[in-house]
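**Q** Dumping the structure here so I can ask a few things about it.
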Amino acid sequence: MLKSFVKAALRNLFKDKLYSLINILGLAIGVTCFVFIALWVLDELSYDRFLPNVDRLYRLAVDNKVNNTIQQYAASSSPMAVTMAKEFPEVEKFARFNISRPTLTNPETNEIFRGDNFTFVDPEAIEMLDLKFIAGDPNTALSSLNSVILTQEMATKYFGDADPIGKSLHFSGRPHTVPDERDYQVTGVIENFPQNSHFNIDFLASYATLEHFASRVTQNWDWYFSYSYVLLKAGSDPRALEAKLPEMVNRNMPAESAAITRIWLEPVADIHLRSNLMFGQGQGDITNVYLFSAVAVLIILIACVNFMNLATARSLKRSKEVGVRKVMGAGRKQLIYQFLGESVITSLLAVVIAVGLMELLLPQFNLLAQKTLSVHYWGSNSILPGLL
């Protein structure tokens, strides 16, 4: 019985090749577009979700009054996070990030590179961001002055296939951060930061270096050069902690420069899609996620409606076939099974073609979206159930 249904379905598909081609390709293209947009949406929603305890991780944000206008900064002053950790037991740990884009030179080859993100961080950042070490000791990598950790990409860029541990990089930075000329010793190599993260870091240097050579940056309450992150203890209320912060600022901020109107905690999980602060990094827009999700659903609905309209139009031509089958003894259920079987086979062929189109067009789609998306047919992020 099943064999005859399949044979009849394939015979009908090949009988009207133009109809079959339009129907199958239309559905295949719709499925391909839907999957590509779904991959993009899921990637946007996954930003920073890989971080451990991301639900308890916050960035310190500041509302600052400038010429009677309130400006919201993603950056804060270096002493704020330190003081919070000392005064409020809700803070489990903190880490500060100070970003510079210096000129870096490999002394062995005299190669000069510019524009990479050289970031001074506290050692606690290693655990807070769950950095995966390829070489070096995570317990001591940022414990001394003039030490730096490289991402795997930077290690290859600056040192090729050679082991970079113990080698040095010559730093030429900005005068208001650290002295212009300084050598940094490589103490570790970590895996590259995932693309779905608002952190854009190539080098992690010890924050102690910044504190030692540029104390005016790290001790000044009204210099907003650092990105400060705090990990709250389990069960802590971030809003209750925020209510205590104004008194801390009033007590420490110099009276002649007290322009802060509010200091607050921004959830790290919301930074990429729901943050529009000045000096923020890696910002997307939740509106685009909603918009493209609606477009994806609309595309698949149009593909389905097109599929059904073509099937309905073609059914008018098959009334004689249905009559003959009834005369030959075919029952109602058999006719239903046959037509549903044909639809299933057509859909499966469309899905197979859609998979081929996805594999063929994914590199171009990544170039367009500026991402490194991949299609997983098996495992926890499998799209196979959805395709079926």
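**Q** What are the residues in the range 197-218 that are surrounded by fewer than 20 Cβ atoms within 10 Å (Cβ to Cβ) and over 19 Å from the mean Cα position of the chain (by Cα), if any?
**A** Correct list: 208, 211, 212, 213, 215, 216, 217.
**Q** To continue, here is another question. Restrict the check to the range 288-298 and report whether at least one residue is assigned to a helix (DSSP H, G or I), within 30 Å of residue 226 (Cα to Cα), under 35 Å from the mean Cα position of the chain (by Cα) and modelled with pLDDT of 85 or more.
**A** Within the range 288-298 (the criterion being assigned to a helix (DSSP H, G or I), within 30 Å of residue 226 (Cα to Cα), under 35 Å from the mean Cα position of the chain (by Cα) and modelled with pLDDT of 85 or more), the answer is yes, since at least one residue qualifies.
**Q** All but one of (1) closer than 18 Å to residue 221 by Cα; (2) modelled with pLDDT of 90 or more; (3) crowded, with 16+ Cβ neighbours inside 10 Å hold for residue 126; state the number of the condition that does not hold.
**A** Status for residue 126: all satisfied but (1).
**Q** Name every residue in the range 250-268 that is touching a residue at least 40 places away in the same chain (Cβ under 8 Å), part of a helix (DSSP H, G or I) and surrounded by fewer than 17 Cβ atoms within 10 Å (Cβ to Cβ), in order of residue number. Walk me through how you get there before you give the answer.
**A** We begin by selecting, within the range 250-268, every residue touching a residue at least 40 places away in the same chain (Cβ under 8 Å); these are 252, 259-268.
Adding the requirement that they be part of a helix (DSSP H, G or I) leaves 252, 268.
Within the range 250-268, just 252 meets the criteria.
**Q** Within the group 64, 23, which residue is in a strand (DSSP E or B), open to solvent by less than 30 Å² (accessible area, probe 1.4 Å) and among the polar types (S, T, N, Q)?
**A** On inspection, the qualifying residue turns out to be 64.
**Q** Follow-up question, since we're still on this one. Answer yes if at least one residue in the range 150-161 is of a type in the set (Phe, Trp, Tyr), surrounded by 18 or more Cβ atoms within 10 Å (Cβ to Cβ) and under 30 Å from residue 237 (Cα atoms), and no otherwise. If you could, list the steps in order and put the result at the bottom.
**A** Keep residues of the range 150-161 that are of a type in the set (Phe, Trp, Tyr), which gives 158-159.
Checking which are surrounded by 18 or more Cβ atoms within 10 Å (Cβ to Cβ) leaves us with 158-159.
Then keep just the ones that are under 30 Å from residue 237 (Cα atoms); that gives none.
No, there is no match, as no residue in the range 150-161 is of a type in the set (Phe, Trp, Tyr), surrounded by 18 or more Cβ atoms within 10 Å (Cβ to Cβ) and under 30 Å from residue 237 (Cα atoms).
**Q** Give the range 67-111 a look and list any residue that's open to solvent by less than 40 Å² (accessible area, probe 1.4 Å), farther than 30 Å from residue 167 by Cα and assigned to a strand (DSSP E or B), or say none.
**A** 73, 76, 91, 93
**Q** Another question, then. Mind checking which residues of the range 354-374 are open to solvent by 30 Å² or more (accessible area, probe 1.4 Å) and either of a type outside the set (Ser, Thr, Tyr) or at pLDDT 95 or above (or both)? Walk me through how you get there before you give the answer.
**A** Here is the first cut: in the range 354-374, the ones open to solvent by 30 Å² or more (accessible area, probe 1.4 Å) are 355-357, 359-361, 363-365, 367-368, 370, 372, 374.
355, 356, 357, 359, 360, 361, 363, 364, 365, 367, 368, 370 - these are the residues of the range 354-374 that are open to solvent by 30 Å² or more (accessible area, probe 1.4 Å) and either of a type outside the set (Ser, Thr, Tyr) or at pLDDT 95 or above (or both).
**Q** Hey, can you tell me all the residues within the range 219-238 that are under 26 Å from the mean Cα position of the chain (by Cα) and more than 20 Å from residue 124 (Cβ to Cβ)?
**A** 224
The values are calculated or read from the model by the stated rules, or taken from the named source; none is laboratory data. Only a predicted model underlies this, so the values are computations on that prediction, with no experimental measurement involved. With ideal geometry, Cβ positions are generated from the backbone for all residues, glycine too; neighbour counts draw on all protein chains shown. Just so you know, the surface numbers come from the protein's heavy atoms only, side chains and all, with ligands and any DNA or RNA stripped out. Shrake-Rupley method; radii C 1.70, N 1.55, O 1.52, S 1.80 Å.
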